[in-house]
Amino acid sequence: MKWQGRRQSDNVEDRRGISGGKVAIGGGVIGIIILLLNVFGGETGKQIAPVLEQMQGGQQQTEAAAPLSKEDEEMGNFVRTMLAYNEDTWNKIFEEHGMTYKNPKLVLFRGSVQTACGGASSASGPFYCPGDQKVYMDLGFFEELKNKFGAKGGDFAIAYVIAHEIGHHVQTLLGTSAKMREAQEGKSEAEANKLSVALELQADFYAGVWAHDHQQELETGDIDEALSAANAVGDDAIQSKMQGHVVPDSFTHGSSEQRMYWFKKGFKTGDIKQGTTFEEIQ
């Protein structure tokens with residue numbers, strides 16, 4: 001994606017140079033497995049993840065914070081530009097609909113981080129915390145996703161994930177996330193999971209809307225990189241790799257096909273009114 005020389009957001013908190021203390025060595029295979037089980041594994045993941053976390057604890061060591069490399073600095077500049085692109089898109093869309101958009105913060109960290117939603121480690125993967133309206137990312141996640149789970153990688157895979165997490169911020173501002181949580185109350189696990197899937201697929205759709213708005217910055221292969229990442233983190237793809245079989249009732253983020261479909265729909269239409277995942281997922 002074209003980004004050099006473009007506006008960079010001031011809303012990035014780069015904590016990579018100050019993240020220290022007890023850190024898992026590179027996250028490792030166990031770290032990425034914990035992440036995928038926590039995020040995609042349903043009830044099975046809830047049972048297995050604590051065991052793996054205990055195993056991971058034995059791999060931990062204390063590391064002093066390392067200075068940022070030239071590559072780290074460049075990646076930070078890329079993230080700032082992607083966040084600026086998201087700010088431009090959503091400020092415009094909200095204004096077109098008579099609303100005011102509030103820019104979120106994006107926190108880059110290594111190892112571990114404290115948030116309004118509690119403490120988190122690299123194994124948590126990229127996530128959005130509605131409590132402080134911040135996106136948290138350890139960029140090492142993308143190398144793990146590429147090397148261990150078959151995603152193509154590339155800068156637009158990172159751009160897609162940022163846009164997906166910003167999509168959750170949009171849902172928070174619009175009240176969608178709160179309504180979803182209310183709707184989950186009293187539901188069976190399978191029914192509650194369906195609502196979670198709808199929320200996640202809508203965030204994928206919003207990521208596609210963002211990409212539609214920045215078509216002039218796209219380069220050959222960018223959309224393929226996003227679709228590769230979406231495919232790699234589909235619930236069915238993860239469950240198949242992790243446990244050898246697929247349990248649709250435990251899906252919380254949607255299948256690979258669904259995630260790719262909704263990103264492509266957002267990219268094709270560029271119309272936030274078309275993100276009808278809650279109507280179509282039932």
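The values are calculated or read from the model by the stated rules, or taken from the named source; none is laboratory data. The model shown is predicted, which means the values in this text are computed figures rather than measured ones. Virtual Cβ from ideal backbone geometry, glycine too; neighbours counted across all protein chains shown. Heavy atoms of the whole protein, side chains included, go into the accessibility calculation; ligands, DNA and RNA do not. Shrake-Rupley method; radii C 1.70, N 1.55, O 1.52, S 1.80 Å.
Taken together, the residues in region 131-141 that are open to solvent by 20 Å² or more (accessible area, probe 1.4 Å) and closer than 18 Å to residue 207 by Cα amount to 2.
When restricted to residues that are open to solvent by less than 40 Å² (accessible area, probe 1.4 Å), under 15 Å from the mean Cα position of the chain (by Cα) and not β-branched (Val, Ile, Thr), region 88-123 contains 7. Number of residues in region 78-131 that are part of a loop (DSSP other than H, G, I, E, B) and among the hydrophobic types (A, V, I, L, M, F, W, C) equals 4.
Is it the case that some residue within region 219-235 is closer than 23 Å to residue 97 by Cβ and at pLDDT 95 or above? Looking through region 219-235, none of the residues is closer than 23 Å to residue 97 by Cβ and at pLDDT 95 or above. For region 156-173, check the following and say yes or no: at least one residue is within 24 Å of residue 106 (Cα to Cα), surrounded by 22 or more Cβ atoms within 10 Å (Cβ to Cβ) and of a type in the set (Ser, Thr, Tyr). Within region 156-173 (the criterion being within 24 Å of residue 106 (Cα to Cα), surrounded by 22 or more Cβ atoms within 10 Å (Cβ to Cβ) and of a type in the set (Ser, Thr, Tyr)), the answer is yes, since at least one residue qualifies. Mind checking which residues of region 47-92 are under 23 Å from residue 128 (Cα atoms), of a type in the set (A, V, I, L, M) and modelled with pLDDT under 55? Within region 47-92, just 49 meets the criteria.
Screening 229, 183, 203 for residues that are part of a helix (DSSP H, G or I), open to solvent by less than 10 Å² (accessible area, probe 1.4 Å) and without any contact (Cβ under 8 Å) to a residue 40 or more places away in the chain leaves exactly one candidate, 203. Only one entry in 249, 235 is out of contact with any Phe, Trp or Tyr (no Cβ under 8 Å at 6 or more places or on another chain) and either in contact (Cβ under 8 Å) with a residue 60 or more places away in the chain or under 16 Å from residue 197 (Cβ atoms) (or both), namely 249.
In the set (1) surrounded by fewer than 19 Cβ atoms within 10 Å (Cβ to Cβ); (2) part of a helix (DSSP H, G or I); (3) in contact (Cβ under 8 Å) with a residue 40 or more places away in the chain, the condition left unmet by residue 192 is number (3). Residue-level check: of (1) out of contact with any helix residue (DSSP H, G or I) (no Cβ under 8 Å at 6 or more places or on another chain); (2) more than 16 Å from residue 158 (Cα to Cα), residue 224 misses just (2). In region 238-247 there is at least one residue that is surrounded by fewer than 22 Cβ atoms within 10 Å (Cβ to Cβ) and either β-branched (Val, Ile, Thr) or touching an Asp or Glu at 6+ places or on another chain (Cβ under 7 Å) (or both).
Taking every residue in region 121-139 that is farther than 17 Å from residue 172 by Cβ and in contact (Cβ under 8 Å) with a residue 12 or more places away in the chain and pairing it with any residue that is open to solvent by 30 Å² or more (accessible area, probe 1.4 Å) and part of a strand (DSSP E or B), at least 6 positions away or on another chain, the pairs with Cβ-Cβ distances below 8 Å are 121/112; 122/112.
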